[in-house]
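What follows draws every value from the coordinates through simple rules; no lab data is involved. Note that the coordinates shown come from a computational prediction; the quantities given were computed from them, not determined experimentally. Methodologically, a virtual Cβ is constructed for each residue, glycine included, from the backbone with ideal geometry; neighbour enumeration extends over all protein chains shown.
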Amino acid sequence: MNEDLKILNLIVFVIITFLAFFIIIYVLLAIVLNKINQKMYGKKTPLAWIPICNIYLLGKLTISKTVGWILIIYLFLILNDKANSLGIELIYNFVPEKFSDTFSSFYVIIVLGLIMYSFSKFVRLLRTENDN
């Protein structure tokens, strides 16, 4: 029983650590997107704090508005929808199931790349502001 409690404590610790990490990254990304939007357009935006809207804003502020829309459309294309109707499970896939993991991984790589690019763009905007 003592061994099970140690494993459970370890699992809870890992889950809490990952959750804290993702919350910190989410808040930092929202702050950076707000600051970039403020530097580019002169005002802050609440879109940075809304989960799917911040992906659009990430694409819009780092590259263009079109990239923001492409990211949102791509996100909805790789989602799977499961429904249970009259005891029959229905699964809707826009992407064939054998490509689903590859497309999802590709999406994550693109978004992580844009996040890193947004942080570097933020640093460049701060440097140009300090130079002036």
- Message: I'd like the Karplus ³J(HN,Hα) series for segment 105-115: coefficients 6.51, -1.76, 1.60, θ = phi - 60°, whole numbers in Hz, and an x wherever there's a Gly or Pro.
- Response: 5, 4, 4, 4, 5, 4, 5, 4, x, 5, 5
- May I ask you to list the lysines whose Cα is less than 21 Å away from that of residue 98, ignoring any residue fewer than eight positions away on the same chain? 82
- Message: Could you tell me the calculated FRET efficiency between residue 44 and residue 66, based on Cβ-Cβ distance and R0 = 25 angstrom, to the nearest 0.05?
- Response: 0.65
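Can you put 44, 121 in order, fewest other beta carbons within 10 Å first? Don't skip to the end; give the middle numbers.
Numbers: 44 13, 121 18.
So the residues, fewest neighbours to most, are 44, 121.
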- Of the residues 59, 21, 112, the Cα lying farthest along the dipole of the chain towards its positive end, which is defined by charges on the beta carbon of Lys, Arg, Asp and Glu, belongs to 59
- Message: Give me 4, 101 sorted ascending by neighbouring Cβ count inside 10 Å, so fewest comes first.
- Response: 4, 101
- Item | Folded to 0 to 90 degrees: helix 2-41 orientation relative to the chain principal axis, Cα | 30 degrees
- Item | Point-charge dipole on Cβ atoms (K/R +1, D/E -1) for the chain, about Cα centre, debye to 20 | 820 debye
- Given 8, 128, 36, which one lies farthest toward the positive end of the charge dipole of segment 2-131, if we put +1 on the Cβ of every Lys and Arg and -1 on the Cβ of every Asp and Glu? 128
- Task: Give me the number: length gained by fully extending residue 6 to residue 77, i.e. 0.36 nm times residue separation minus the C-alpha to C-alpha distance, one decimal in nm.
- Result: 21.5 nm
- Would you list, by chain and number, the lysines whose Cα falls below 26 Å from the Cα of residue 60, excluding same-chain residues fewer than 8 positions away? 35, 39, 43, 44, 121
- Task: With θ set to phi - 60°, apply the Karplus curve 6.51 cos²θ - 1.76 cosθ + 1.60 along segment 95-104 and write out the HN-Hα couplings as whole Hz, x wherever there is a Gly or Pro.
- Result: 9, x, 4, 6, 9, 4, 5, 5, 5, 5
- Environment charge at residue 130 (Cβ cut-off 13 Å; Lys +1, Arg +1, Asp -1, Glu -1): +1
- Mind giving me the nanometre distance, one decimal, between the label points for residue 23 and residue 110, set 7 Å out from Cα along Cα→Cβ? 3.1 nm
- Task: Kindly identify segment 2-131 as rounded, prolate or oblate by the Cα gyration tensor criterion: order the square roots of the eigenvalues as a ≥ b ≥ c, call it rounded if a/c is under 1.5, otherwise compare a/b with b/c, prolate if a/b is larger, else oblate.
- Result: oblate
- Report ³J(HN,Hα) in whole Hz for each residue of segment 55-67, in order, from the Karplus equation J = 6.51 cos²θ - 1.76 cosθ + 1.60 where θ = phi - 60°; Gly and Pro get x. 5, 4, 5, 4, x, 5, 7, 7, 10, 6, 4, 4, 5
